[in-house]
Amino acid sequence: MYEYDLLVVGSANADLVIGVERRPAAGETVLGSELAVHPGGKGANQAVAAARLGARTALLARVGDDGHGRLLRDSLDRAGVDTAWVLTGGAPTGIALITVDPSGDNSIVVSPGANAHLTPQDVRDAAPLLGASRVVSTQLEIPLGTVAELVRMLAAGTRLVLNPSPPAPLPADVLAACDPLIVNEHEAAVVLGNAHPGGAPEDRARALLALGPRSVVITLGAEGALVADAGTVRRVPSVQVDAVDTTGAGDAFTAALAWRLGAGEELVDAAAFAARVGALAVTREGAQASFPTADEVASLASR
Ligand code: RIB
């Protein structure tokens with residue numbers, strides 16, 4: 001019945017990546033590695049990750065009419081993402097300035113560029129695409145008003161997955177549509193605001209659920225993840241790997257989870273699968289280039 005397993009509505013960035021021994025403090029200059037330019041952006045990353053796993057995937061996004069836009073289109077096309085709704089123009093392609101330290105951790109600053117011009121009208125124009133998609137996944141590198149319109153336009157029966165990254169306080173109707181809301185601890189703190197309980201992450205999962213989402217996933221890095229829905233909060237263990245570059249691993253996790261939910265898996269099983277996808281993504285450099293195939297995930301599971 002659905003043409004797409006997953007529709008991603010989100011950002012597309014050129015990632016300008018420099019390896020550093022350590023990040024500079026305020027007012028300090030450090031030397032880093034050669035500059036690498038990779039296709040990235042949380043939306044495009046999710047779309048590529050899902051398509052590489054075998055999901056029928058489309059992306060609604062906006063890039064500039066420039067070399068970075070073409071870099072992104074090439075990567076999406078190679079992965080098999082339907083790019084008919086990757087719109088062009090409005091501003092140059094978004095840019096992410098990324099430093100990666102020897103532990104594989106990153107720091108990112110995004111200049112949104114064309115992502116800021118993905119409008120509520122673009123979402124309305126894409127109504128047929130929304131109706132053809134089993135699951136819709138989005139993030140916050142596009143305007144919050146565009147995300148809110150997406151929520152209003154969702155067809156009955158279409159499931160929404162939201163990773164509010166970079167984090168912002170969310171309106172009640174957006175929160176109520178999330179199934180699940182996927183956050184790390186930092187994002188959870190921003191979404192919870194004054195409702196933030198200290199103590200165990202389980203308490204934060206319950207506090208997030210009380211804000212209205214139908215389900216919640218809190219990612220905890222090496223501690224795995226928490227999944228919470230009506231009445232239950234469960235832990236999903238992490239998969240131990242040697243991290244090279246964590247960039248995009250959260251996007252791969254979210255895409256994998258969204259795809260498996262659409263295939264009918266329970267949230268806890270989908271999160272366990274997604275944890276393996278995220279783990280493999282940190283073992284290779286870059287974002288989209290690091291995402292595994294379904295066969296690679298199966299090999300990891302049998303180790
Ligand atoms: O989540 C990783 C992504 O965040 C990078 O690819 C970068 O573009 C920023 O959007």
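The values are calculated or read from the model by the stated rules, or taken from the named source; none is laboratory data. Keep in mind that what you see is a predicted model, and the values were worked out from it rather than measured. No Cβ is skipped: glycine too gets one built from the backbone with ideal geometry, and neighbour counts run over all protein chains shown. Heads up: the accessible areas ignore ligands, DNA and RNA and are worked out on the full protein's heavy atoms, side chains in. Shrake-Rupley method; radii C 1.70, N 1.55, O 1.52, S 1.80 Å.
Observations on the structure shown:
- Size of electric dipole in the chain: Cβ of Lys, Arg +1 and of Asp, Glu -1, about Cα centre, debye, nearest 20: 500 debye
- Summary value for segment 231-303: 38 percent relative contact order, contacts being C-alpha pairs under 8 angstrom separated by 6+ residues.
- Separation of the Glu223 and Ser107 label points, Cα + 7 Å toward Cβ, nm: 2.4 nm
- Under the Debye formula (equal points on every Cα, no solvent term), log10 I(q)/I(0) of segment 97-197 at q = 0.12, 0.14, 0.15, 0.18 Å⁻¹: -0.46, -0.61, -0.69, -0.93
- Chain lengthening between Ala155 and Gln240 when straightened (0.36 nm per residue, less Cα-Cα): 26.7 nm
- Ranked by the mean number of other Cβ atoms within 10 Å per residue, highest first, peptides 139-145, 192-198 order as 139-145, 192-198.
- Volume of the Cα convex hull of the chain, divided per residue and given in Å³: 132 Å³
- The modelled label-to-label distance for the pair Arg23/Thr88, using points 7 Å beyond Cα in the direction of Cβ, is 3.6 nm.
- Fraction of accessible area attributable to carbon and sulfur, the chain (%, probe 1.4 Å): 54 percent
- Put a dot 7 Å past the Cα of Arg206, heading toward its Cβ, do the same for Leu300, and the two dots end up 3.2 nm apart.
- Positive-end residue, segment 94-230 charge dipole about Cα centroid, Cβ charges, pick of Ala96, Ala189, Met153: Met153
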